[in-house]
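The values are calculated or read from the model by the stated rules, or taken from the named source; none is laboratory data. Since the structure is predicted, the reported quantities are computational estimates derived from the model, not experimental observations. When we count neighbours, we look across all protein chains shown, and the Cβ atoms used for this are built from the backbone with ideal geometry, even at glycine. Surface areas here come from the heavy atoms of the whole protein model, side chains and all, with no ligands, DNA or RNA. Shrake-Rupley method; radii C 1.70, N 1.55, O 1.52, S 1.80 Å.
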Amino acid sequence: MRIFPTGVSGAVPLVAVSLVLLSMPASAADPPDAGSEYNGAFLEPSVRGAFVIGPQWRGWAIDAGIRQAFPLSLADVRLSYRFDRLEPRDDAGPTARAIGPLKTHGVRAHLAIHPLYIFTFRSDGLGYLASSVFVEFGLGLDVHTFKRAADDLRRNSRFGWSVGAGFDVPLMDPDRGAAPWLNIVYRFSRRSVHPGALGPTQPLRTHTIFAGLGWRINGAIF
(Lines give C-alpha, C1' and ligand atoms only; values in the text may rest on other atoms or scores of the structure.)
Protein backbone atom coordinates (compact mmCIF):
# COMPACT_ATOMS: atom_id res chain seq x y z
CA MET A 1 0.00 0.00 0.00
CA ARG A 2 1.29 3.46 -0.90
CA ILE A 3 1.13 5.96 1.93
CA PHE A 4 2.06 8.97 -0.28
CA PRO A 5 0.73 9.03 -3.86
CA THR A 6 3.10 9.69 -6.71
CA GLY A 7 2.84 11.54 -9.97
CA VAL A 8 1.17 14.86 -10.78
CA SER A 9 -2.19 13.87 -9.35
CA GLY A 10 -0.54 12.82 -6.09
CA ALA A 11 1.44 16.06 -5.77
CA VAL A 12 -1.67 18.24 -5.73
CA PRO A 13 -3.00 17.14 -2.32
CA LEU A 14 0.52 17.30 -0.82
CA VAL A 15 0.92 20.90 -1.96
CA ALA A 16 -2.55 21.76 -0.62
CA VAL A 17 -1.74 20.27 2.79
CA SER A 18 1.59 22.13 2.88
CA LEU A 19 -0.10 25.48 2.20
CA VAL A 20 -2.59 24.88 4.99
CA LEU A 21 0.17 24.05 7.45
CA LEU A 22 2.19 27.13 6.47
CA SER A 23 -0.84 29.35 6.92
CA MET A 24 -1.36 28.17 10.51
CA PRO A 25 0.12 30.32 13.37
CA ALA A 26 3.38 29.06 14.87
CA SER A 27 1.84 29.02 18.33
CA ALA A 28 -1.45 29.51 20.05
CA ALA A 29 -0.15 32.67 21.75
CA ASP A 30 -1.19 36.01 20.31
CA PRO A 31 1.61 37.62 18.28
CA PRO A 32 3.15 40.80 19.64
CA ASP A 33 1.69 44.11 18.52
CA ALA A 34 3.14 45.36 15.26
CA GLY A 35 6.22 47.49 15.84
CA SER A 36 6.64 46.49 19.50
CA GLU A 37 9.29 43.84 18.96
CA TYR A 38 12.74 44.68 20.29
CA ASN A 39 15.20 45.49 17.48
CA GLY A 40 17.92 47.17 19.52
CA ALA A 41 16.48 50.68 19.35
CA PHE A 42 15.10 52.04 22.61
CA LEU A 43 14.50 55.02 24.85
CA GLU A 44 15.49 54.34 28.47
CA PRO A 45 15.18 56.52 31.57
CA SER A 46 17.22 55.02 34.40
CA VAL A 47 18.53 55.55 37.92
CA ARG A 48 21.82 54.14 39.19
CA GLY A 49 23.78 53.96 42.42
CA ALA A 50 27.51 53.40 42.80
CA PHE A 51 30.54 52.90 44.99
CA VAL A 52 33.38 55.32 44.24
CA ILE A 53 37.05 54.84 45.06
CA GLY A 54 40.24 56.61 44.02
CA PRO A 55 43.82 57.26 45.13
CA GLN A 56 42.72 60.04 47.50
CA TRP A 57 38.93 59.84 47.70
CA ARG A 58 36.18 57.33 48.33
CA GLY A 59 32.42 57.49 48.72
CA TRP A 60 29.25 56.95 46.77
CA ALA A 61 27.35 58.40 43.83
CA ILE A 62 23.89 58.44 42.32
CA ASP A 63 23.05 58.99 38.67
CA ALA A 64 19.83 59.67 36.78
CA GLY A 65 19.60 59.95 33.02
CA ILE A 66 17.94 59.09 29.75
CA ARG A 67 19.44 57.00 26.96
CA GLN A 68 18.57 56.61 23.28
CA ALA A 69 19.90 53.68 21.26
CA PHE A 70 19.95 53.26 17.50
CA PRO A 71 18.54 50.19 15.68
CA LEU A 72 20.48 46.95 16.34
CA SER A 73 22.09 48.74 19.32
CA LEU A 74 24.97 49.88 17.13
CA ALA A 75 25.47 52.77 19.56
CA ASP A 76 23.62 54.84 22.12
CA VAL A 77 23.82 58.29 23.67
CA ARG A 78 22.96 59.14 27.27
CA LEU A 79 22.47 62.44 29.09
CA SER A 80 22.56 62.33 32.88
CA TYR A 81 22.89 64.11 36.20
CA ARG A 82 25.36 62.73 38.74
CA PHE A 83 25.92 63.49 42.42
CA ASP A 84 29.03 62.34 44.33
CA ARG A 85 29.57 62.40 48.09
CA LEU A 86 33.29 61.81 48.70
CA GLU A 87 35.57 61.69 51.73
CA PRO A 88 39.38 61.87 51.69
CA ARG A 89 41.03 58.51 52.31
CA ASP A 90 43.15 57.96 55.41
CA ASP A 91 46.29 57.97 53.27
CA ALA A 92 45.27 61.02 51.20
CA GLY A 93 47.60 63.98 50.81
CA PRO A 94 47.41 67.05 53.07
CA THR A 95 45.45 69.14 50.57
CA ALA A 96 42.75 66.50 50.12
CA ARG A 97 42.47 66.11 53.88
CA ALA A 98 42.20 69.89 54.27
CA ILE A 99 39.36 69.99 51.75
CA GLY A 100 37.48 67.38 53.73
CA PRO A 101 34.10 66.06 52.54
CA LEU A 102 33.48 66.91 48.90
CA LYS A 103 30.10 67.11 47.17
CA THR A 104 29.94 67.14 43.39
CA HIS A 105 26.99 67.91 41.13
CA GLY A 106 27.60 67.13 37.48
CA VAL A 107 26.00 66.80 34.07
CA ARG A 108 27.24 64.16 31.65
CA ALA A 109 26.98 63.17 27.99
CA HIS A 110 28.08 59.66 27.05
CA LEU A 111 28.49 57.90 23.73
CA ALA A 112 28.52 54.10 23.89
CA ILE A 113 29.50 51.64 21.15
CA HIS A 114 28.15 48.06 21.15
CA PRO A 115 30.76 45.85 19.43
CA LEU A 116 28.59 42.71 19.64
CA TYR A 117 25.46 44.34 18.21
CA ILE A 118 25.07 41.52 15.66
CA PHE A 119 23.77 39.27 18.47
CA THR A 120 20.55 41.32 18.45
CA PHE A 121 19.38 38.99 15.66
CA ARG A 122 19.30 36.04 18.10
CA SER A 123 16.27 37.50 19.89
CA ASP A 124 16.93 35.40 23.00
CA GLY A 125 18.49 35.89 26.42
CA LEU A 126 22.06 35.33 25.27
CA GLY A 127 21.57 37.60 22.28
CA TYR A 128 20.12 40.42 24.39
CA LEU A 129 22.97 40.17 26.89
CA ALA A 130 25.77 39.97 24.30
CA SER A 131 24.43 42.80 22.14
CA SER A 132 24.09 45.04 25.20
CA VAL A 133 27.84 44.94 26.02
CA PHE A 134 29.30 48.39 25.40
CA VAL A 135 32.32 50.64 25.78
CA GLU A 136 31.70 54.32 26.41
CA PHE A 137 33.33 57.74 26.43
CA GLY A 138 31.90 60.68 28.33
CA LEU A 139 32.36 64.40 28.88
CA GLY A 140 30.92 66.45 31.69
CA LEU A 141 30.90 69.56 33.84
CA ASP A 142 31.14 69.30 37.64
CA VAL A 143 30.39 71.80 40.37
CA HIS A 144 32.40 70.93 43.49
CA THR A 145 31.29 72.10 46.93
CA PHE A 146 33.43 71.96 50.08
CA LYS A 147 34.18 73.94 53.22
CA ARG A 148 37.52 75.61 53.83
CA ALA A 149 36.41 76.45 57.37
CA ALA A 150 33.34 75.96 59.52
CA ASP A 151 31.33 78.68 57.75
CA ASP A 152 33.36 79.13 54.57
CA LEU A 153 31.54 77.29 51.76
CA ARG A 154 33.45 77.11 48.48
CA ARG A 155 32.35 76.15 44.97
CA ASN A 156 34.23 75.74 41.73
CA SER A 157 33.46 74.26 38.34
CA ARG A 158 35.62 71.92 36.30
CA PHE A 159 35.27 69.94 33.09
CA GLY A 160 36.15 66.25 33.12
CA TRP A 161 36.03 63.08 31.06
CA SER A 162 35.48 59.38 31.60
CA VAL A 163 35.80 56.00 29.91
CA GLY A 164 33.93 52.88 30.85
CA ALA A 165 32.23 49.65 29.89
CA GLY A 166 29.10 47.79 30.87
CA PHE A 167 26.18 45.57 29.98
CA ASP A 168 22.42 45.33 30.48
CA VAL A 169 20.15 42.44 31.43
CA PRO A 170 16.41 42.33 30.58
CA LEU A 171 14.22 41.52 33.57
CA MET A 172 11.15 40.82 31.41
CA ASP A 173 10.53 39.95 27.77
CA PRO A 174 11.81 42.92 25.69
CA ASP A 175 9.28 42.15 22.95
CA ARG A 176 6.49 43.37 25.23
CA GLY A 177 7.20 46.86 23.88
CA ALA A 178 8.52 48.12 27.25
CA ALA A 179 10.39 46.28 29.98
CA PRO A 180 12.72 46.85 32.96
CA TRP A 181 16.45 46.25 32.42
CA LEU A 182 19.28 45.93 34.93
CA ASN A 183 22.25 48.23 34.16
CA ILE A 184 25.83 47.41 35.22
CA VAL A 185 28.56 49.96 34.38
CA TYR A 186 32.23 50.44 35.30
CA ARG A 187 33.60 53.94 34.76
CA PHE A 188 36.96 55.61 35.24
CA SER A 189 36.64 59.38 35.62
CA ARG A 190 39.36 62.01 35.38
CA ARG A 191 38.32 65.27 37.01
CA SER A 192 39.90 67.90 39.25
CA VAL A 193 39.02 70.26 42.07
CA HIS A 194 40.62 73.64 42.83
CA PRO A 195 40.82 74.18 46.61
CA GLY A 196 41.85 77.84 46.47
CA ALA A 197 44.25 78.88 49.23
CA LEU A 198 44.33 75.36 50.63
CA GLY A 199 46.73 74.19 47.94
CA PRO A 200 47.18 73.42 44.26
CA THR A 201 44.51 71.94 42.00
CA GLN A 202 43.81 68.36 43.05
CA PRO A 203 43.29 65.54 40.55
CA LEU A 204 40.06 63.68 41.13
CA ARG A 205 40.62 60.26 39.58
CA THR A 206 37.96 57.75 40.55
CA HIS A 207 36.83 54.23 39.73
CA THR A 208 33.06 53.77 39.91
CA ILE A 209 30.86 50.68 39.65
CA PHE A 210 27.21 51.49 38.96
CA ALA A 211 24.19 49.22 39.33
CA GLY A 212 20.84 50.58 38.26
CA LEU A 213 17.40 50.01 36.87
CA GLY A 214 16.09 51.33 33.57
CA TRP A 215 12.67 51.25 31.93
CA ARG A 216 13.31 50.53 28.25
CA ILE A 217 10.73 51.55 25.65
CA ASN A 218 11.29 49.98 22.24
CA GLY A 219 11.80 52.33 19.30
CA ALA A 220 13.71 55.48 18.40
CA ILE A 221 12.58 59.08 18.76
CA PHE A 222 14.80 60.27 15.90
For the stretch 169-194: of the residues being touching a Pro at 6+ places or on another chain (Cβ under 7 Å) and assigned to a strand (DSSP E or B), which is surrounded by the most Cβ atoms within 10 Å (Cβ to Cβ)?
W181
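Please enumerate the residues belonging to the stretch 125-135 that are buried (at least 21 other Cβ atoms within 10 Å of the Cβ) and assigned to a strand (DSSP E or B).
As a first pass, look at the stretch 125-135 and keep what is buried (at least 21 other Cβ atoms within 10 Å of the Cβ): 128, 131-132, 134.
If the condition is that a residue be buried (at least 21 other Cβ atoms within 10 Å of the Cβ) and assigned to a strand (DSSP E or B), then F134 is the only one that fits.
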Complete set of residues in the stretch 195-222 that are over 30 Å from P55 (Cβ atoms) and assigned to a strand (DSSP E or B)
L213, G214, W215, R216, I217, N218
From the option list V77, V12, V8, single residue qualifying as within 21 Å of the chain's Cα centre (by Cα) and either at pLDDT below 95 or in a strand (DSSP E or B) (or both) is V77
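Is it the case that the stretch 145-154 has a residue that's under 30 Å from L116 (Cβ atoms) and open to solvent by less than 10 Å² (accessible area, probe 1.4 Å)?
Going residue by residue through the stretch 145-154, those that are under 30 Å from L116 (Cβ atoms) are none.
No, there is no match, as no residue in the stretch 145-154 is under 30 Å from L116 (Cβ atoms) and open to solvent by less than 10 Å² (accessible area, probe 1.4 Å).
Does at least one position in the stretch 189-198 carry a residue that is more than 17 Å from G106 (Cα to Cα) and among the charged types (D, E, K, R)?
No - not one qualifying residue is present in the stretch 189-198.
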Scanning the stretch 97-124 residue by residue, those open to solvent by 50 Å² or more (accessible area, probe 1.4 Å) and in a helix (DSSP H, G or I) turn out to be R97, Y117, I118, F119, F121, R122
Extreme residue, nearest to A220 (Cα to Cα), among residues of the stretch 80-96 that are open to solvent by 10 Å² or more (accessible area, probe 1.4 Å) and not in a strand (DSSP E or B)
R89
Some residue of the stretch 45-62 being of a type in the set (G, A, S), touching a Lys or Arg at 6+ places or on another chain (Cβ under 9 Å) and without any contact (Cβ under 8 Å) to a residue 60 or more places away in the chain
yes
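May I ask you to verify whether A197 is open to solvent by 20 Å² or more (accessible area, probe 1.4 Å), small (G, A, S) and modelled with pLDDT of 85 or more? Walk me through it before giving the result.
Numbers: open to solvent by 20 Å² or more (accessible area, probe 1.4 Å): yes; small (G, A, S): yes; modelled with pLDDT of 85 or more: no.
It is false that A197 is open to solvent by 20 Å² or more (accessible area, probe 1.4 Å), small (G, A, S) and modelled with pLDDT of 85 or more.
For the subset of the stretch 45-64 comprising residues that are of a type in the set (G, A, S) and assigned to a strand (DSSP E or B), which member is farthest from the chain's Cα centre (by Cα)?
It comes out as G59.
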